[in-house]
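K.L.:
The structure's right below; bear with me while I get my questions together.
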Amino acid sequence: LFCVQLHDSKQNSYQQPQEIKESDFFKFAEKHGKHSFIAPSQVQPSFSSFYRAGDPILIYFGSSSVLSTLRQPIKMGSSGLCVDGNPAGFLDSKSTSCTRIFANLSKSCVTDPALDAASYYRDFYVLKVPINDTIVQSMKVIYEIEFSGTHGIQSVSVWFKMSNISGNSGSALQQRFTLHFWVSAPILPRLLPSLTLSHTLPRSGNPGYITGAPLLITNRGAVQHMSILQSESDGSCSQFLRHTVQFGRNVRSGCELSLSPVLEESNCSYTQQKLYEAFQGMKRAEDLAITGNAHSTQAEQWVTILIQNCSVQAVNCTSCCMVPLTLEIQILWTKVGLLSNPQAQILGARYLYQCHPLKFLSTSTVPLTTVVTFTDMTEWPEPPRGQPQVHWKLPFDIFFPFKVAMNLERSYRDDLVGCLFLILIIYSILCF
């Protein structure tokens, strides 16, 4: 698109244009004609009444009345440079990273929107459902998005990891962007009776857990993956990235969490609470799925996680605060079913915190450790000692007719011998 300015001495050359007659128009049009400069009629895109998987998420700028889409920058080409025009797809949870190059970092730090955290959420709203004629009330932006089927997006939250950088010319900065969706389960059965867990999170087994599959937990009724603290490249605890716990795989992670520069005895309970929240993350585990295909509405398919907090009383320290520094997640499981195809099931789980005294006014960072252990409680049956033998079981009188006949024959023979013996005795007396 361009605009012809008729009275601009800097732009025009004041050349007399060639006069074109009506009869010569088509001849000049074939020689010089290109695409039409007439803007086509703008056709308004059609939107459904609810988001579908892969649909771009609509946002609305109230100050300018502009309808746009939520963007998630991605890298382009072998250089990995950031491209900001990539639309974020509904239910397409993913993390992206890309590189930005700055000619003058000091100047770009205050002028470039890519380095301004507020530009990722300020002055626009996320539409709960893709309706462009009415702007409905919605929450604000970007990474954690809660939805409830056809009722659309329920809440959106954003998390930032800020870092101090230095440099003037020729500086490069790598950025990471994460978009995560999770379903609001309490109203799920009423809205979508046919929607099962496989449509929101992939199953971790059917029915038993598969080794390496994520552990399923519930958080306020929503099915999530169990996660633990994850460290950044500098060893600090990540504020929004967490490691997913996988069934059957013991893991140990550690990182350092930054605390307030000045700790006072009055805010000991506040520090304790912050550390507990850091261990648990946004998705605090409440129940653990017994099997890999557990459904959120079936209470018998879930087991409550036992949480054992540590003692908060310091020993031999008047200016200390007992804070949790280690979390041990103990998970008991067993195999059930046929020996030819046993299925792994969860028996129970416990969060065991270990506390240590933390001195006030002397610590700015604390090391946090998380340990996950799986214990196999399977009781296998005693194997057979040999091949089973055949034992014939017949009725006790099956040979009754034969026994009777043999007994009669034996009795007849005995009587005949007796008679012959008696005849011989009588004959010997009479003859002699």
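The values are calculated or read from the model by the stated rules, or taken from the named source; none is laboratory data. Model, not experiment: these values are computed from the prediction. Here the Cβ positions follow ideal geometry from the backbone for every residue, glycine too, while neighbour counts run over all protein chains shown. These area figures cover heavy atoms from the full protein model, side chains too; ligands, DNA and RNA do not enter into them. Shrake-Rupley method; radii C 1.70, N 1.55, O 1.52, S 1.80 Å.
K.L.:
Suppose R0 equals 45 Å; then what is the FRET efficiency for residue 269 and residue 94 from their Cβ-Cβ distance, rounded to the nearest 0.05?
P.N.:
Efficiency, from the Cβ-Cβ distance: 0.75.
K.L.:
7 Å from Cα along Cα→Cβ at both residue 259 and residue 101: what's the point-to-point distance in nm?
P.N.:
The answer from the label model is 4.4 nm.
K.L.:
Working with all protein chains in place, sort 61, 147 by solvent-accessible area computed with a 1.4 Å probe, largest first.
P.N.:
So, going from the largest accessible area down, we get 61, 147.
K.L.:
Please give the contour-minus-distance gain from residue 23 to residue 307: 0.36 nm per residue of separation, less the Cα-Cα distance, rounded to one decimal in nm.
P.N.:
93.2 nm
K.L.:
Would you calculate the separation in nanometres between label points at residue 244 and residue 334, each defined as 7 Å from the Cα along the Cα-to-beta-carbon direction?
P.N.:
That separation, rounded to one decimal, is 2.9 nm.
K.L.:
Here is a further query. What list of ³J(HN,Hα) couplings, whole Hz, do you get for region 214-220 from phi and the Karplus terms 6.51, -1.76, 1.60, once you set θ to phi - 60° and write x for glycine and proline?
P.N.:
Those phi angles translate into x, 6, 9, 10, 10, 9, 6 Hz.
K.L.:
Under the rule of at least 5 residues apart or a separate chain, name every residue whose amide H is placed under 5 Å from the amide H of residue 72.
P.N.:
Here 86, 88 satisfy the definition.
K.L.:
Pairs 75/107; 94/335; 94/274; 274/335; 94/283: which are spaced more than 29 Å apart, C-alpha to C-alpha?
P.N.:
Result: 94/335; 274/335 exceed 29 Å.
K.L.:
Consider a paramagnetic label point 7 Å from the Cα of residue 380 along Cα→Cβ; state which residues of region 324-344 have an amide N under 16 Å from it.
P.N.:
334-344
K.L.:
How long is the gain from residue 426 to residue 175 if the chain were fully straight, where each residue apart is worth 0.36 nm and the alpha carbon distance is subtracted?
P.N.:
Roughly 77.1 nm would be gained on extension.
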